[in-house]
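Step one of this worksheet: look at the structure below.
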Amino acid sequence: MGSVAMKTVKLDTPIGKSVILIGERLENLKQYLPVSRPIIITDTNVQKHWGHHFPPGAVITIDTGEKIKTLDTVRILYDKLLELDADRGSFVVGIGGGIVCDIAGFVASTYMRGIRFGFVSTTLLSQVDASVGGKNGVNFGGYKNIVGIFSQPDFVICDQNLLQTLA
């Protein structure tokens, strides 16, 4: 894919501020992080294709598909955050599509009553919907996104180069 000039969109909403960085690159993620070692939540596909571009930090990899968008996965992520001694100063980065962004945003927004987070969106639908607007949730009892919270990410990086590896 050709290079895209970066465009910055600033959101100032009743639930918080967020910056959408359209055309930014995953390789530049580090400059947007408020900590030197973030906690990255990603899925197995993104880890396989793009993990070598992740900044230094702990990486928690989850499976793929709607089946994992549950409170069971959230519980596993809470356990991992506790193992990593994550605290109010920690920063979570969800690197993936809509499912990863929904789960990572929900976990960050509810762990310790909320820690800061950002996204690197890797799918087209996530870049235009799931990662923006502060919607974070999981499925429960057969209902899609029935458990959730509105909480804005600090930033969303929309790197069009990441769309190359979509099946």
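Tell me, what is the percent relative contact order of the chain, built from C-alpha pairs under 8 Å that lie six or more residues apart?
Contact order relative to length: 26 percent.
Pairwise over distinct Cα atoms, reciprocal of the mean inverse distance: report the Kirkwood radius of the range 48-126 in Å, one decimal place.
13.0
From zero up to wherever the largest Cα-Cα distance of the chain sits, split into 10 Å bins and tell me the percent of pairs in each.
11, 44, 37, 8, 0
At 1.4 Å probe radius, can you tell me the per residue accessible area of the chain in Å²?
Result: 50 Å² per residue.
Share of antiparallel DSSP beta bridges in the chain, in percent to the nearest 5?
Taking every DSSP beta bridge within the chain, about 35 percent pair in antiparallel fashion.
Which percent of the accessible heavy-atom area of the range 38-161 goes to carbon and sulfur, probe 1.4 angstrom?
C and S atoms contribute 57 percent here.
How long, wide and thick is the range 82-167, going by the Cα atoms along their three principal axes, in whole angstroms, largest first?
35, 31, 23 Å, listed from the longest principal axis down.
Calculate the length of the line joining the C-alpha centroid of the range 99-167 to that of the range 19-62, in whole Å.
So the separation of the two Cα centres works out to 14 Å.
The values are calculated or read from the model by the stated rules, or taken from the named source; none is laboratory data. The shown structure was predicted, so the numbers you read here are calculated from the model rather than taken from an experiment. In case anyone asks, the SASA skips ligands and DNA or RNA and just uses the protein heavy atoms, side chains included. Shrake-Rupley method; radii C 1.70, N 1.55, O 1.52, S 1.80 Å.
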